[in-house]
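S.K.: Below is a structure I'd like to ask you about.
The values are calculated or read from the model by the stated rules, or taken from the named source; none is laboratory data. Nothing here was measured: the structure is a model prediction, and the numbers come from that model. We place every Cβ from the backbone using ideal geometry, glycine too, and count neighbours over all the protein chains shown. Ligands, DNA and RNA are excluded from the accessible area calculation, which covers all protein heavy atoms including side chains. Shrake-Rupley method; radii C 1.70, N 1.55, O 1.52, S 1.80 Å.
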Amino acid sequence: MSFLLDLLFPRLCYGCSQIGSYFCPECTKKLTTGKLNHLTSSKIEAHLSLFNDSTVKQAILDLKYNFVSDLAPSLAKISAYTLKNRFPLIVEYWRQSNFTFIPVPLHHYRQNWRGFNQASLIGQSLAKLLKLPFNPNLVTKTKYTLTQAKTSHKALRLKNQQNTFSLRSPYNSFFPALSREGSGEGFVLPSHIIIFDDVYTTGATSTSLAKIFPKNTSIWILSLV
Ligand SMILES: [Zn+2]
């Protein structure tokens, strides 16, 4: 089936239009990387915006708005490649401290509309390629917010993101005995996390998500762009 689909809809490289894959090996090597920002709050150690590249931006748009869901593994692959080759010390640090990937959740309305959460799809493949834990079940989105793109005013965007995430029970404060060092291995919150999102605009989403974790959590933010 996938062979047939490949014949009917061949994958073209976003960089050079060569047939075969969304990002050919040559173009993958040439992607422009983004920057590392040491942050800001005591909890958030740093934010790495992995790419500053128009081809990656276009691929993310196609994944989200043209529903090309098979782009997710390709985006994970170029991300793993770029992290390992351009930011090897960061990957080493994440592995040593056993950072857990946590995708930014979508509210279920939006997820039902799109059929998938792109941050979760890419994050899962990427964590696997980096041999790091992945947990999409720690956090839930409790309030429906306007999409970032439609809310142009920065202050409004920040306001819009407040109190929209919470830890899922049994992690939340209604179950104090089970949180953090609590009983039951499955219920221990990770002490080192990577909040993963496809796009980082104002940082409002990731910052608001970081707030729900206990004070002594080490947090990185990783975004594709
Ligand atoms: Zn190419």
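S.K.: Could you work out how far apart the two model spin labels at ASN112 and PHE87 are, taking each label as a point 7 Å from the Cα in the direction of the beta carbon, and quote it in nm?
M.R.: Placing both labels 7 Å along Cα→Cβ, they lie 3.5 nm apart.
S.K.: Return the sequence-ordered ³J(HN,Hα) values of the stretch 78-84 in whole Hz as given by the Karplus equation 6.51 cos²θ - 1.76 cosθ + 1.60 applied to θ = phi - 60°, using x for Gly and Pro.
M.R.: 5, 5, 4, 4, 5, 4, 5
S.K.: For PHE51, what residues show an amide H to amide H distance below 5 Å, using hydrogens built from the backbone and excluding near sequence neighbours?
M.R.: HN-HN under 5 Å from PHE51: GLY34, VAL225.
S.K.: Moving to a separate point now. What is the set of long-range amide H partners of GLY15 at a cut-off below 5 Å, with H atoms built 1.01 Å from backbone N?
M.R.: Long-range HN contacts for GLY15: CYS24.
S.K.: Also, quick follow-up: Using a 1.4 Å probe, what is the accessible area per residue for the stretch 11-147, in Å²? Before the final figure, lay out each step's value.
M.R.: Details: 6940 Å² over 137 residues.
Accessible area per residue: 51 Å².
S.K.: Calculate, in nm to one decimal, what ARG95 and LEU129 gain on full extension: separation in residues at 0.36 nm each, minus their alpha carbon distance. Could you put the intermediate results ahead of the total?
M.R.: On the way: separation 34, 0.36 × 34 = 12.24 nm, distance 1.19 nm.
Full extension of this stretch gives 11.1 nm more.
S.K.: Another question, then. If you plug each phi of the stretch 197-213 into the Karplus form 6.51 cos²θ - 1.76 cosθ + 1.60 with θ = phi - 60°, what whole-Hz ³J(HN,Hα) values come out, in order, with x for Gly and Pro?
M.R.: Taking θ as phi minus 60°, the curve returns 9, 6, 10, 10, 9, 8, x, 4, 5, 5, 5, 5, 5, 4, 4, 7, 8 Hz for the stretch 197-213.
S.K.: Evaluate E = 1/(1 + (r/R0)^6) for PHE9 and THR32, where r is the Cβ-Cβ distance and R0 equals 35 Å; express this FRET efficiency to the nearest 0.05.
M.R.: On the way: r = 27 Å, r/R0 = 0.78.
After rounding, the FRET efficiency stands at 0.80.
S.K.: Taking the simple approach of a point 7 Å from Cα along Cα-to-Cβ for both CYS16 and SER218, what is their distance in nm?
M.R.: Spacing of the two 7 Å Cα→Cβ label points: 3.9 nm.
S.K.: Taking square-rooted eigenvalues a ≥ b ≥ c of the alpha carbon gyration tensor, is the stretch 1-104 rounded, prolate or oblate, where a/c under 1.5 means rounded and, failing that, a/b exceeding b/c means prolate? Mind showing how you got there, number by number?
M.R.: On the way: a/c = 2.16, a/b = 2.00, b/c = 1.08.
Prolate shape, in that a/c is at least 1.5 and a/b is the bigger ratio.
S.K.: Of LYS141/LYS215; LYS57/LYS131; LYS128/LYS215; LYS29/LYS131, which sit over 23 Å apart, Cα to Cα?
M.R.: Details: LYS141/LYS215 20 Å; LYS57/LYS131 25 Å; LYS128/LYS215 27 Å; LYS29/LYS131 21 Å.
Exceeds cut-off: LYS57/LYS131; LYS128/LYS215.
S.K.: Quote the FRET efficiency, to the nearest 0.05, computed for LEU39 versus ASN66 with a Förster distance R0 of 25 Å and r equal to the Cβ-Cβ distance.
M.R.: On the way: r = 33 Å, r/R0 = 1.32.
It comes to 0.15.
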